[in-house]
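Every number here is computed from the coordinates shown, using simple stated rules; none is lab data. Please read these numbers as outputs of a predicted model, since none were measured by experiment. Positions of Cβ are generated from backbone atoms using ideal geometry, with glycine treated the same way; all protein chains shown enter the neighbour counts.
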Amino acid sequence: MWETVKEIWTYPLYTLSDDTSIQVSQILLVLVLLVFGTLVSRRIEKLIAKRLERTELQPDAAQLLQRLLFYSLVGVLAVTALGLLHIPLTAFAFISGAVAIGVGFGAQNIINNFISGWILMSERPVRIDDFVEIEGTSGTVETIGNRSTRIRRTDGVHMLVPNSRILENTVVNWTLIDNHVRTSVRVGVSYGSPVKDVARLIRQAVDEQTTVNRDPEPVVIFDDFGDNALMFDAYFWCDVEGERALREIRSDIRFRIIELFNEHGIVIAFPQRDVHLDSPQSIRVQLVGNEPPA
């Protein structure tokens, strides 16, 4: 029995050009090494990830270090496995051209996205936790993977965008340098309103918001004489991490403007139309309602 096992264990599967034989034992040893080494590499990657979370390193930089570490360990495993099989790296030189052609035609999109992912992590035009807008859709970047980038939209739905599309298309990154964003609120009041008081009340509503920056100062501009209203614009800066927070700030300012206008008797304008009837004959107009006319 032992002799049979030993014979199978040392059985040569194939022989290399230098008369070196590859035995079953070497193949099994390499398989165990690859499986165990991959598990250990994943474990080391997770331990490093936990250590990096305690530092002040940016999430995208931490992910880049994790990925570099993992692929470095995988590369060491591959070289070790080839060494155990007595296969030199030069043995793959003759098939490199064929492999390159096959990969170029069959997996060009995959490789394009893979390389794009490394470019995104190295150049960092888009980082984890950035609020971005791409092709009319906005959301927060959660992960940058080997093939695609996962973005959580403002409605909570996850969107997977190929890495190459992020590099090839125009991407608006709201938080690339900082969270400093300017926005505005437009208000129209009826003709005859005290414009000085209107501007003062709008400025008061903006200044009362603690989320509005004081530098640069908010500005209220009497923009135009509209068809139905006197138009005012309030411009101000905020530090926000997304479009939702900006909408909430504008909403709070509008609520406060309505309160202040009601307190001071200022009417927010609404569309009006004057209709002129040009007819040689008299026209009888009758108001119809629940009560008969007095």
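Computed values, structure above
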| item | result |
| --- | --- |
| Rounded to whole Hz, the Karplus (6.51, -1.76, 1.60) HN-Hα couplings of the range 109-125, x for glycine and proline | 5, 5, 5, 4, 5, 5, 5, 4, x, 5, 5, 4, 6, 7, 7, 6, x |
| Spacing of the two label points (7 Å from each Cα toward its C-beta) at Ile44 and Phe222, in nm | 7.2 |
| Derived scalar couplings ³J(HN,Hα) [the range 41-53; Karplus, 6.51 cos²θ - 1.76 cosθ + 1.60; whole Hz; x for Gly, Pro] | 4, 5, 5, 5, 4, 5, 5, 5, 4, 5, 5, 5, 5 |
| Hz values of 3J(HN,Hα) by residue in the range 136-142 - Karplus curve (6.51, -1.76, 1.60), Gly and Pro given as x | x, 10, 10, x, 9, 6, 9 |
| Long-range HN-HN contacts of Gly145 with modeled amide H, under 5 Å | Arg150 |
| Residues with amide H under 5 Å from that of Thr154, placed H, sequence gap 5 or more | Ser138 |
| Stretchable slack from Ser251 to Asn169, in nm (0.36 nm times residue separation minus alpha-carbon distance) | 26.3 nm |
| Dimensions (Å) - the range 124-173, Cα atoms, principal axes, largest first | 24, 20, 15 |
